[in-house]
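> Structure provided below as structure tokens; questions to follow.
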Amino acid sequence: MTRMGLRIERYFEFHRLGATWRTEILAGATTFVTMAYIIFVNPSVLREAGVPFQAVVAATCLCAAFGSILMGAFARYPIALAPGMGLNAYFAYTVVKGLGIPWQAALGAVFLSGIAFAILTIAGIRQFIVEAIPAELYAAVAAGIGLFIALIGLRNAGIVVANASTLVALGNLRDRNTALALFGLGLTAALMAWGMRGAMLLGILGTTLAGAAAGLMKWSPERYHASDILATAGKLDIAGAWHIGLAQVVFIFLFVDLFDNLGTLVGVGKRAGLFDKANRIPRLSRILLCDAAATIVGSLAGTSTVTSYIESAAGVAAGGRTGVTAIVTGLLFIVALFVAPLIGVVPSAATAPALILVGSLMLSHAAEIKWDEPASAIPAFLTMLTIPLTFSIATGLSFGFVSFAVLKLARGEFSRKAWIVYLLAAIFVARFIYLGSV
């Protein structure tokens, strides 16, 4: 090992965390393959708002690379970032198509929300909110995100489908793509049971090869060049975003990303063992600054709000413990910037099993909840339940905070030291009253 290599290992605390280069690289690749769908899904959503598809492909790769590498190098955590699902849909369908706001002004609103994120972080407010999350909810958020990830995987696999009568139902298991996903689920689970290193990545690659052999590969790439990003880069309209009608839009971008990011941070942090004995995360301000910076860069490049990705848990489950995992993921997004169409070779049926199995691993945190104490169990249960059923980490946290505060007040256990919990609960209630289901 060279002197430079030893310095890098000391910086990333390889010895303390039990990390190895092989495992970190495999974990970074696993995270990338699991979340690479965003390279095409995000442009497909924003195209509905009139944003040029090819430009958003490039912008998605660029901001994901920037955010992930910054998170790994500066904050030193195995958490990858990319444009957030849900927020991009809000950007396209509610802000642009619903309110009739030009996409350039909507990008301006994303930029302003990123600036607000940075200010709140520098002022220590975001860190204060993270530390105010009741201990009862930490494990609940992690388990809830596990259910959320598993539900996404089941849906992507076609194992679970929407149903008008029962909300969800069993999909058609005779469908060839669903059968491929079931094969991948069995293969990956077996590799994990055997203790195989890089089991998830091997499972994804093995399922992709099986899909190719079965003639299930569908690849019809659109014309794409990295230079296409010039169609959106720098096209945001910040002055237009100052319009009073966009104040609510900026607030929603800020609100949803704040609590989605915090929830993801708690879930991945619990899985990776990032918390100290006092349930605090070292270098928290750095993590949050990375998120804010990535959102600002994303708006300048031409995409919606960038946030931490729950798929990072796949890399953590593969053994990722340091920032090297996130750096590897970011570097692969740089490669994808130039060969994006090739990424489309990996079918969703190959990545879905990884999401399902990551969910099963994260559900283990439910054992940390004091289920025999209603004041702890009820908020935890509501948090775990509403995260997957509403498809929103922020909503799950909302239900958890509100129910926790209500039960504390009902038992006469109001504490001035926990005033932030009651304030946040009131804000959540106001949000539901004013914004409804947004």
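> Being under 21 Å from PHE391 (Cβ atoms) and surrounded by 18 or more Cβ atoms within 10 Å (Cβ to Cβ) is the filter here; which residues of the stretch 161-177 pass it? Even if it seems obvious, please write down each step before you answer.
Filtering the stretch 161-177 down to residues under 21 Å from PHE391 (Cβ atoms) leaves 161-171.
Matches in the stretch 161-177: GLY171 only.
> While we're looking at this one, here's another question. Out of the residues in the stretch 368-419 that are at negative phi, in contact (Cβ under 8 Å) with a residue 60 or more places away in the chain and not in a helix (DSSP H, G or I), state the one that is nearest to the chain's Cα centre (by Cα).
SER392
> Next question. Please go through the stretch 133-180 and pick out each residue that is among the polar types (S, T, N, Q) and without any contact (Cβ under 8 Å) to a residue 40 or more places away in the chain. Walk me through it before giving the result.
Residues of the stretch 133-180 among the polar types (S, T, N, Q): 156, 163, 165-166, 172, 177-178.
Of everything in the stretch 133-180, those that are among the polar types (S, T, N, Q) and without any contact (Cβ under 8 Å) to a residue 40 or more places away in the chain turn out to be ASN163, SER165, THR166, ASN172.
> Filter the stretch 323-355 down to residues that are surrounded by fewer than 24 Cβ atoms within 10 Å (Cβ to Cβ) and among the β-branched types (Val, Ile, Thr) and give me whichever is modelled with the lowest pLDDT.
Going through the qualifying residues, I end up with ILE343.
> Select, from ALA430, ALA354, the only residue that is more than 30 Å from SER312 (Cα to Cα), in a helix (DSSP H, G or I) and of a type outside the set (D, E, K, R). Let's see the steps before the verdict.
Working: ALA354 fails: more than 30 Å from SER312 (Cα to Cα).
Unique residue meeting the criteria: ALA430.
> Got at least one residue in the stretch 387-398 being modelled with pLDDT of 90 or more and either more than 25 Å from THR166 (Cα to Cα) or not β-branched (Val, Ile, Thr) (or both)? Explain how you work it out, then say what you get.
The first filter runs over the stretch 387-398 and keeps only residues modelled with pLDDT of 90 or more, leaving none.
Scanning the stretch 387-398 turns up no residue that is modelled with pLDDT of 90 or more and either more than 25 Å from THR166 (Cα to Cα) or not β-branched (Val, Ile, Thr) (or both).
> A further question follows. Could you tell me which numbered condition ALA65 fails, if it satisfies all but one of (1) at pLDDT 95 or above; (2) surrounded by fewer than 20 Cβ atoms within 10 Å (Cβ to Cβ); (3) among the aliphatic types (A, V, I, L, M)?
(2)
> Same structure, new question: Applying the selection to the stretch 160-207, what residues are in a loop (DSSP other than H, G, I, E, B) and farther than 15 Å from ILE356 by Cβ? Working first, answer last.
Here is the first cut: in the stretch 160-207, the residues in a loop (DSSP other than H, G, I, E, B) are 164-166, 171-175, 194-198.
Result: ALA164, SER165, THR166, ASN172, ARG174, ASP175, TRP194, GLY195, MET196, ARG197, GLY198.
> For the stretch 125-133, state whether one or more residues are more than 21 Å from the chain's Cα centre (by Cα), outside any helix (DSSP H, G or I) and either under 19 Å from ARG286 (Cα atoms) or modelled with pLDDT under 85 (or both).
So far as the stretch 125-133 goes, no, none of its residues is more than 21 Å from the chain's Cα centre (by Cα), outside any helix (DSSP H, G or I) and either under 19 Å from ARG286 (Cα atoms) or modelled with pLDDT under 85 (or both).
> Name every residue in the stretch 91-108 that is surrounded by fewer than 18 Cβ atoms within 10 Å (Cβ to Cβ) and either assigned to a helix (DSSP H, G or I) or free of Cβ contacts under 8 Å to residues at least 12 places away in the same chain (or both), in order of residue number.
Of the stretch 91-108, the ones surrounded by fewer than 18 Cβ atoms within 10 Å (Cβ to Cβ) are 93-94, 97-100, 102.
Answer for the stretch 91-108, where residues must be surrounded by fewer than 18 Cβ atoms within 10 Å (Cβ to Cβ) and either assigned to a helix (DSSP H, G or I) or free of Cβ contacts under 8 Å to residues at least 12 places away in the same chain (or both): TYR93, THR94, LYS97, GLY98, GLY100.
> Shifting gears a bit: Which of (1) surrounded by 21 or more Cβ atoms within 10 Å (Cβ to Cβ); (2) at pLDDT 70 or above; (3) within 23 Å of the chain's Cα centre (by Cα) is the odd one out, the single condition SER285 does not satisfy?
(1)
> Looking only at residues that are surrounded by fewer than 22 Cβ atoms within 10 Å (Cβ to Cβ) and outside any helix (DSSP H, G or I) in the stretch 134-159, which one is modelled with the lowest pLDDT?
PRO134
> Counting only residues that are of a type outside the set (Phe, Trp, Tyr), part of a loop (DSSP other than H, G, I, E, B) and in contact (Cβ under 8 Å) with a residue 60 or more places away in the chain, how many does the stretch 21-56 have? Explain how you work it out, then say what you get.
Narrowing the stretch 21-56 to residues of a type outside the set (Phe, Trp, Tyr): 22-31, 33-36, 38-39, 41-52, 54-56.
The next check asks that each one be part of a loop (DSSP other than H, G, I, E, B); those that pass are 36, 48-52.
Checking the rest, the ones that are also in contact (Cβ under 8 Å) with a residue 60 or more places away in the chain come to 36, 51-52.
Residues meeting the conditions: 3.
> Scan (1) surrounded by fewer than 23 Cβ atoms within 10 Å (Cβ to Cβ); (2) more than 23 Å from THR329 (Cβ to Cβ); (3) at pLDDT 90 or above for the single condition ALA75 breaks and write down its number.
Unmet condition: (2).
The values are calculated or read from the model by the stated rules, or taken from the named source; none is laboratory data. Every value quoted in this text rests on a predicted model; they were computed, and no experiment measured them. Ideal geometry is used to build each Cβ from the backbone, glycine not excepted, and the neighbour counts take in all protein chains shown.
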